[in-house]
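What follows draws every value from the coordinates through simple rules; no lab data is involved. For clarity, every value in this text was computed on a predicted model and none was experimentally measured. Cβ: placed from backbone, ideal geometry, glycine included. Neighbour counts: every protein chain shown.
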């Protein structure tokens, strides 16, 4: 069996479900040792029991910079290095801007954008040492915003901008930065939406197309991180064939 990531250490945030879970499993099957960071440790324990390789469970809220630092430190303490960081943790709490519950804005910015930044900040010294790879899970919403997705789209656009600045700072030091922008993926992300009408609209959209599976995005991540060290796949846009925008 091919193990392109043998002896590599990866940290995946938001690993308890969806894209994060599928990516952690794909990295493990490719030979990596994987640290799993999320709040729902029962799901992480279940995943670790199913994986072919060693996994470390880390209860982590990425919106808390101290918890993020501890997660990175525990990963390096346990496995001796960090080669791949996959920033996947995120929330989608879509609603109209007028009359919005701005605590939902704070949650999205704290998790999607600041959480990604905190994790990069904590992991970067180790990734510079290993000449590793940062994978940022963004979204098609980071390219094209739509009504009711303003703040979610802003966080994903922010991830894109932060990632490009990071790439320019570290690429000549051997660190690769990859932005993956999925379209509509069949995950629990839309269940986060608290507005019943918007949640129903999201379900209708999903029912009208052949959505992506989390494993489709995991394969894109695996493709990028498995390239030779001199090859940087900086951006991957993956939409369902049936998704027009």
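Here the residues 231, 72, 120, ranked from fewest to most Cβ neighbours within 10 Å of their Cβ, fall in the order 231, 120, 72. Each peptide in 178-186, 134-142 was scored by the mean count of other Cβ atoms within 10 Å over its residues; highest first, the order is 134-142, 178-186. Using the Cα gyration tensor of segment 1-70, with a ≥ b ≥ c the square roots of its eigenvalues, what is the shape: rounded (a/c below 1.5), prolate (a/b larger than b/c) or oblate (neither)? Prolate. Pairs of Cα atoms in segment 64-159 fall into 5 Å distance bins, from 0 up to the last occupied one, in shares of 3, 14, 21, 20, 15, 11, 8, 5, 2, 0 percent.
The angle separating the long axis of helix 115-130 from the principal Cα axis of greatest extent in the chain is about 20 degrees. Potential lengthening of the chain between residue 194 and residue 241 amounts to 14.1 nm, from the contour at 0.36 nm per residue minus the alpha-carbon distance. Reported to the nearest whole Å, the Cα centre-to-centre distance from segment 144-186 to segment 1-61 is 22. Indicate, rounded to the nearest 5 percent, the antiparallel portion of the DSSP beta bridges found entirely in segment 9-237. About 0 percent, rounded to the nearest 5. Computed extension gain for residue 2 through residue 206, at 0.36 nm per residue and net of the alpha carbon distance, reaches 70.0 nm. Dividing the mean sequence gap of close Cα pairs (under 8 Å, 6+ apart) by how many residues the chain holds gives a relative contact order of 19 percent. Here the peptides 5-17, 50-62 are ranked by packing, the mean other Cβ count within 10 Å, and the order with the highest first is 5-17, 50-62. Please report how far the C-alpha centroid of segment 193-245 lies from that of segment 88-124, rounded to the nearest whole angstrom. If we compute the Cα centre of each part, the gap is 19 Å. In the chain, the longest principal axis of the Cα atoms and the axis of helix 214-225 are about 40 degrees apart.
Overall size of the chain from C-alpha positions, given as principal axis extents largest first: 48, 36, 35 Å. For the Cα atoms of the chain, what angle does the longest principal axis make with the long axis of helix 18-29, in degrees from 0 to 90, nearest 10? Its long axis makes an angle of about 20 degrees. Annotation: the residues 19, 97, 198, 159, sorted from fewest to most other C-beta atoms within 10 Å of their own C-beta, follow the order 97, 198, 159, 19.
For 127, 36, the sequence from fewest to most other C-beta atoms within 10 Å is 127, 36.
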